[in-house]
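The values are calculated or read from the model by the stated rules, or taken from the named source; none is laboratory data. Given the structure is predicted, the values throughout are model-derived calculations rather than measurements. Using ideal geometry, Cβ is built from the backbone for each residue, glycine included, and neighbour counts are taken over all protein chains shown.
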Amino acid sequence: MPLSVGDIAPKFSLPEGPGQMVDVGAEFGAAPVVILFFPLAFSSVCTEELCGVRDDWSAWAGLGAKVFGVSVDSPFVVSKFREIESLPFSLLSDFNKTVAPQWGAFYEEEFFGLNGVAKRAAFVVGPDGRIVYEWVSADAGVQPDFEALKAAVESCRE
């Protein structure tokens, strides 16, 4: 079951490359945090989603948001994907599948013949460490509502 608006966001650390840990939980309270779970790096819909954030980066930066992408790909894959697509935010590897299930953003059943893949989901964690926006899609082909995400981030600044 996904986390809900008002829940305390579970803190976590994940690698963004081999041996490069990022403590996302340490960012809770410092600024609004956007967490984008995505199924698989280099897939068409995931590339479109994350490059869309990249292409609108000035808006995200203007809101003061800290953005993190999370998938079950290996640290090597997320690092290469970030490099190739010139993404200005961290992509993190939940290769051991500990974070996506905890956040309710995880396919327990098969996803295109693969078991244990992150769902497409978006969360905003506010300055008090609580979730202020939650969206988990049953359809991996659907993009998050980025305007609603930005509005949630903006609400953290009021």
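Some notes on this structure:
- Selection from the range 117-139 of residues that are surrounded by fewer than 20 Cβ atoms within 10 Å (Cβ to Cβ), small (G, A, S) and in contact with a Phe, Trp or Tyr (Cβ under 8 Å, 6 or more places away or on another chain): G129
- Residue that is farthest from L91 (Cα to Cα), among those in the range 17-42 that are assigned to a helix (DSSP H, G or I) and of a type in the set (A, V, I, L, M): A26
- Members of the range 94-108 found to be at pLDDT below 90 and crowded, with 16+ Cβ neighbours inside 10 Å, listed by number: F106, Y107
Okay, residues lined up against (1) closer than 23 Å to A151 by Cα; (2) within 13 Å of the chain's Cα centre (by Cα):
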position: S4; (1), (2): yes, no
position: I8; (1), (2): yes, no
position: F12; (1), (2): no, yes
position: I35; (1), (2): yes, yes
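- Positions within the range 88-107 being outside any strand (DSSP E or B) and of a type outside the set (D, E, K, R), in sequence order: P88, F89, F95, N96, T98, V99, A100, P101, Q102, W103, G104, A105
- Residue match in the range 109-116 (condition: touching a strand residue (DSSP E or B) at 6+ places or on another chain (Cβ under 6 Å) and crowded, with 19+ Cβ neighbours inside 10 Å): no
- Listed by first and then second residue, the pairs with beta-carbon distance under 8 Å, at least 6 apart or on different chains, first residue in the range 3-27 and free of Cβ contacts under 8 Å to residues at least 60 places away in the same chain, second surrounded by fewer than 16 Cβ atoms within 10 Å (Cβ to Cβ) and hydroxyl-bearing (S, T, Y), are M21/S13; D23/S13; G25/S13.
- In the range 123-137, the residues that are over 14 Å from Q102 (Cα atoms) and in a strand (DSSP E or B): V124, V125, R130, V132, Y133, W135
- The residues of the range 48-69 that are outside any helix (DSSP H, G or I) and basic (K, R) amount to a single one, K66.
- Search result, residues across the range 123-151 that are among the aromatic types (F, W, Y) and free of Cβ contacts under 8 Å to residues at least 60 places away in the same chain: W135
- Condition met for A151 (at negative phi, among the aliphatic types (A, V, I, L, M), surrounded by 13 or more Cβ atoms within 10 Å (Cβ to Cβ) and in contact with an Asp or Glu (Cβ under 6 Å, 6 or more places away or on another chain)): no
- Criterion violated by V45 - all others in (1) within 19 Å of L149 (Cα to Cα); (2) of a type outside the set (K, R); (3) in a strand (DSSP E or B); (4) modelled with pLDDT under 90 satisfied: (3)
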